[in-house]
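To start, the structure itself, in C-alpha cells.
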Amino acid sequence: MGRVSGRVCIVTGAAQGIGRAIGEALLSEGAKVCFADINGDKVAEVAEAARSNGHKDAVTSTRVDVTDRDAVRAMIAHTVETFGQLDVKFNNAGVNKPMNFLDVTEDNWNFIMGVNGLGCMIGMQEAARQMIDQGTGGKIVNTASIASRQGFDNVAPYCASKWAVVSLTQSGARGLAKHNITVTGFAPGVVATEMWDQVDKDLLEIGASERPGQAMEEFSAEILKGRVAKPADITGTTTFLASKDSDYMTGQIVMIDGGMTLV
C-alpha cells in the first residue's frame with residue numbers, strides 16, 4: 001500500500017488549489033481524508049469526485065470556518081466519528097487580499113491574520129487535543145509561504161500571517177513533543193491556483209501591476225526552476241510530511257518554491 005496507508009487526515013482549505021491536491025494525493029497513497037473548507041458546497045463536490053474516482057469509503061467532507069473554535073471541534077468530531085481517529089491535520093486554509101502598504105486597513109489586517117494566523121493556532125490546538133486523548137501521537141502540518149521568509153510591499157498582512165505560521169510551527173513543536181506529536185510545515189512559492197488568479201486581479205486593481213499576468217511573470221523570473229509550480233509539485237513533500245518517513249522531523253518548514261528563496 002501507499003506511504004500513508006490507513007492514516008486519517010484532515011485538510012482545510014481543500015475545496016480547490018493546493019488543499020485539494022494535498023487531499024487527493026493522500027488518498028492515492030492509502031489515507032482516509034476529510035476535505036474541509038468554508039465553502040461547504042464546493043468541498044462536498046470535491047469529495048464526491050474523489051469517491052467517484054475509486055475512494056468511496058475513504059472520503060468525507062465538511063464545512064468549517066477555521067477561525068471558529070466550535071466549528072473546528074465539530075470538524076474533528078465528524079472525522080473521528082466517520083473514521084475512528086485523527087492522525088494528521090493539515091492547517092492549509094488561507095486567504096490573501098493585496099493592498100498597497102500605506103493603504104492597509106485594520107479590517108484587511110484582521111481578516112488575513114484571523115484566517116491565516118488564528119485559524120492555524122486553533123487548528124493545531126484542537127487537533128493536538130484529539131491526538132492526546134487518543135494516546136497515539138500524530139502529525140500537524142502547516143502551510144506557510146515564501147512570504148514567511150521575506151516581506152512584500154503589497155501583501156504585508158499576508159507576509160506577517162505566514163511569519164506567524166512559522167512561529168506557531170516552532171512553538172507547537174516544542175509544546176507537543178512530549179505527546180509524540182510532530183509539527184512541521186511547508187512553504188510554497190508561486191503556484192498556479194485559483195488563489196493566485198485572484199491575487200493577480202487584486203494587484204491589477206490596486207495599480208501594483210499594469211496588465212493581467214504581469215505579477216506572476218515577474219515573480220517567475222526569480223524562480224531557478226524556470227516556471228511556476230503546479231499543485232502536483234507540492235504534494236510529494238506534503239505526503240512525505242504526513243508519512244512515517246518524516247517521524248524524526250519537527251519544528252521545520254520545508255521550502256517548495258523552485259529555488260526562488262534561498263535561506
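The values are calculated or read from the model by the stated rules, or taken from the named source; none is laboratory data. Quick caveat, the model's predicted, so the values are computed rather than measured. Here the Cβ positions follow ideal geometry from the backbone for every residue, glycine too, while neighbour counts run over all protein chains shown.
Between a first residue in region 179-206 that is buried (at least 20 other Cβ atoms within 10 Å of the Cβ) and a second residue that is basic (Lys, Arg), which pairs have beta carbons less than 6 Å apart while being 6 or more apart in sequence or on different chains?
Close Cβ pairs satisfying both conditions: Thr182/Lys139.
Which one is modelled with the lowest pLDDT among residues in region 93-144 that are touching a helix residue (DSSP H, G or I) at 6+ places or on another chain (Cβ under 8 Å) and basic (Lys, Arg)?
Lys97
Among the residues of region 221-236, how many are crowded, with 19+ Cβ neighbours inside 10 Å and out of contact with any Gly (no Cβ under 7 Å at 6 or more places or on another chain)? Before the answer, list the steps.
So in region 221-236, the residues crowded, with 19+ Cβ neighbours inside 10 Å come out as 228-229, 231, 233-235.
Subset that is out of contact with any Gly (no Cβ under 7 Å at 6 or more places or on another chain): 228, 233-235.
Going through region 221-236 one residue at a time, the tally reaches 4.
Working carefully through the options Ala71, Ala31, find the one that is touching a residue at least 24 places away in the same chain (Cβ under 8 Å) and of a type in the set (Gly, Ala, Ser). Walk me through it before giving the result.
Details: Ala71 fails: touching a residue at least 24 places away in the same chain (Cβ under 8 Å).
Only one candidate qualifies: Ala31.
Inspect all residues belonging to region 104-124 and state whether any of them is free of Cβ contacts under 8 Å to residues at least 24 places away in the same chain, among the acidic types (Asp, Glu) and out of contact with any Cys (no Cβ under 9 Å at 6 or more places or on another chain).
Yes - at least one qualifying residue is present in region 104-124.
Could you give every pair whose Cβ atoms fall below 6 Å, whose first residue belongs to region 1-19 and is among the aliphatic types (A, V, I, L, M) and surrounded by 23 or more Cβ atoms within 10 Å (Cβ to Cβ), and whose second residue is modelled with pLDDT under 95 and not in a loop (DSSP other than H, G, I, E, B), counting only separations of at least 6 or pairs across chains?
Ile18/Pro231
Pick out the one residue from Ala25, Ala47, Ala21, Ala31 that is within 28 Å of Lys244 (Cα to Cα), out of contact with any helix residue (DSSP H, G or I) (no Cβ under 8 Å at 6 or more places or on another chain) and among the small types (Gly, Ala, Ser). Lay out the reasoning, then the answer.
On the way: Ala25 fails: out of contact with any helix residue (DSSP H, G or I) (no Cβ under 8 Å at 6 or more places or on another chain); Ala21 fails: out of contact with any helix residue (DSSP H, G or I) (no Cβ under 8 Å at 6 or more places or on another chain); Ala31 fails: out of contact with any helix residue (DSSP H, G or I) (no Cβ under 8 Å at 6 or more places or on another chain).
Answer to the selection: Ala47.
One line per residue, one yes/no per condition, for (1) of a type outside the set (Ser, Thr, Tyr); (2) within 30 Å of Ser209 (Cβ to Cβ); (3) in a helix (DSSP H, G or I):
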{"site": "Phe90", "(1), (2), (3)": "yes, no, no"}
{"site": "Val95", "(1), (2), (3)": "yes, yes, no"}
{"site": "Leu102", "(1), (2), (3)": "yes, yes, yes"}
{"site": "Asp107", "(1), (2), (3)": "yes, yes, yes"}
{"site": "Asn110", "(1), (2), (3)": "yes, yes, yes"}
{"site": "Val115", "(1), (2), (3)": "yes, yes, yes"}
{"site": "Met131", "(1), (2), (3)": "yes, no, yes"}
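Give me a count of the residues in region 251-262 that are buried (at least 20 other Cβ atoms within 10 Å of the Cβ) and part of a loop (DSSP other than H, G, I, E, B).
Summing the residues that are buried (at least 20 other Cβ atoms within 10 Å of the Cβ) and part of a loop (DSSP other than H, G, I, E, B) in region 251-262 gives 3.
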